[in-house]
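I have placed the structure first, in the form of structure tokens, so that the comments after it can refer back to it.
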Amino acid sequence: MCSVLEYGENEQIMPEGVLLLRRPVSRGETIFRKDDPFRSIFAVKSGSFKTYVPKSDRGDQVVGFQLVGELIGSEGLASEFYPFTARALEESCVCELRLSRLTETDCDMEKLQQGIIQLLGSEVAFNHEIISSLVHQGADQRIAGFLLSLSQRLERRGMQQKSMRLSMSRGDIGNYLGLASETVSRILTKLQKSGSIRLQHKNLEIIDRAALAELADI
């Protein structure tokens with residue numbers, strides 16, 4: 001029997017070709033592209049990724065960022081095609097779970113499926129909550145809410161939530177939040193001057209969580 005939460009750490013239960021443990025992914029490398037046939041779900045073991053929909057007429061549309069412990073590609077389960085492209089923002093590692101070959105394992109398939117559904121359900125609910133809270137807010141509120149959401153996602157995985165690496169560019173953050181990259185840079189500088197955060201290059205530390213929460217109206 002195996003747990004979906006353990007599959008990345010327990011190769012004994014998986015025959016060769018079903019699970020790729022700690023597959024390295026270089027910065028800028030894609031693990032799948034939009035409209036590729038669905039084959040696997042990926043778990044981020046280290047590093048981070050962005051997912052986006054390529055737009056030939058007006059540039060790419062960023063639809064999300066994936067951090068350590070989160071899943072990538074599950075949206076392809078329904079349509080059997082990936083609805084976006086996933087690219088590494090930094091040197092990263094993933095575990096690839098090839099669902100089509102899970103019947104070859106000794107796993108309790110019903111429990112494994114329930115585990116996957118539970119993980120996906122909690123992530124969908126959390127992402128919906130984030131999007132709903134940011135959609136009608138001003139620029140300052142969106143940035144504050146975005147930083148808090150990153151922190152909360154790390155906390156949910158039992159990781160340090162006050163310090164994080166902003167591996168995504170200001171342009172990607174702005175694209176995701178519907179803001180200009182210059183606006184993102186300006187507000188981050190403003191938050192740093194106010195003492196809410198400390199930012200050195202891509203390393204960010206939340207100093208005053210209460211102030212960010214008040215600004216984000218959370």
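The values are calculated or read from the model by the stated rules, or taken from the named source; none is laboratory data. Not measured: the values here are computed from a predicted model. Glycine also receives a Cβ, built like all others from the backbone with ideal geometry; neighbour counts cover every protein chain displayed. The area values use the complete protein model at the heavy-atom level, side chains included, leaving out ligands, DNA and RNA. Shrake-Rupley method; radii C 1.70, N 1.55, O 1.52, S 1.80 Å.
Brief remarks follow.
- Residue check for Val124: at pLDDT 90 or above and either of a type in the set (A, V, I, L, M, F, W, C) or in a loop (DSSP other than H, G, I, E, B) (or both): no
- Contacts under 9 angstrom Cβ, first residue in the range 206-218 being of a type outside the set (Ser, Thr, Tyr), partner loosely packed, with under 13 Cβ neighbours inside 10 Å and not in a helix (DSSP H, G or I), 6 or more apart: Ile207/Gly195; Asp208/Gly195; Ala211/Gly195
- In summary, Ile131 fulfils each of the numbered conditions (1) under 29 Å from Val53 (Cα atoms); (2) at pLDDT 85 or above; (3) open to solvent by 80 Å² or more (accessible area, probe 1.4 Å); (4) not charged (D, E, K, R) with the single exception of condition (2).
- Within the range 17-33, being at pLDDT below 95 and either within 19 Å of Phe84 (Cα to Cα) or not in a loop (DSSP other than H, G, I, E, B) (or both) holds for Leu19, Leu20, Leu21, Arg22, Arg23, Pro24.
- Residues in the range 139-173 that are open to solvent by 50 Å² or more (accessible area, probe 1.4 Å), within 19 Å of Leu89 (Cβ to Cβ) and of a type outside the set (S, T, N, Q): Arg157, Met159, Arg165, Arg170.
- Residue within the range 74-91 that is free of Cβ contacts under 8 Å to residues at least 12 places away in the same chain, open to solvent by 50 Å² or more (accessible area, probe 1.4 Å), part of a loop (DSSP other than H, G, I, E, B) and farther than 26 Å from Lys202 by Cβ present: yes
- Residue in the range 192-204 that is surrounded by 13 or more Cβ atoms within 10 Å (Cβ to Cβ), in contact with a Phe, Trp or Tyr (Cβ under 8 Å, 6 or more places away or on another chain) and more than 12 Å from Leu148 (Cα to Cα) present: no
- Tally of residues being hydrophobic (A, V, I, L, M, F, W, C) and either within 19 Å of Pro37 (Cβ to Cβ) or modelled with pLDDT of 80 or more (or both) across the range 101-115: 1
- Ser167 part of a helix (DSSP H, G or I) and within 16 Å of the chain's Cα centre (by Cα): no
- Candidate set from the range 74-100 (those that are farther than 25 Å from Val62 by Cα and in contact with a strand residue (DSSP E or B) (Cβ under 9 Å, 6 or more places away or on another chain)); member that is modelled with the highest pLDDT: Arg98
- Search result, residues across the range 48-97 that are in contact with a Leu (Cβ under 7 Å, 6 or more places away or on another chain) and not hydroxyl-bearing (Ser, Thr, Tyr): Phe49, Lys50, Leu67, Leu71, Cys95, Glu96, Leu97
- Here is the figure for the range 174-188: residues that are without any contact (Cβ under 8 Å) to a residue 40 or more places away in the chain, open to solvent by less than 70 Å² (accessible area, probe 1.4 Å) and in a helix (DSSP H, G or I) total 3.
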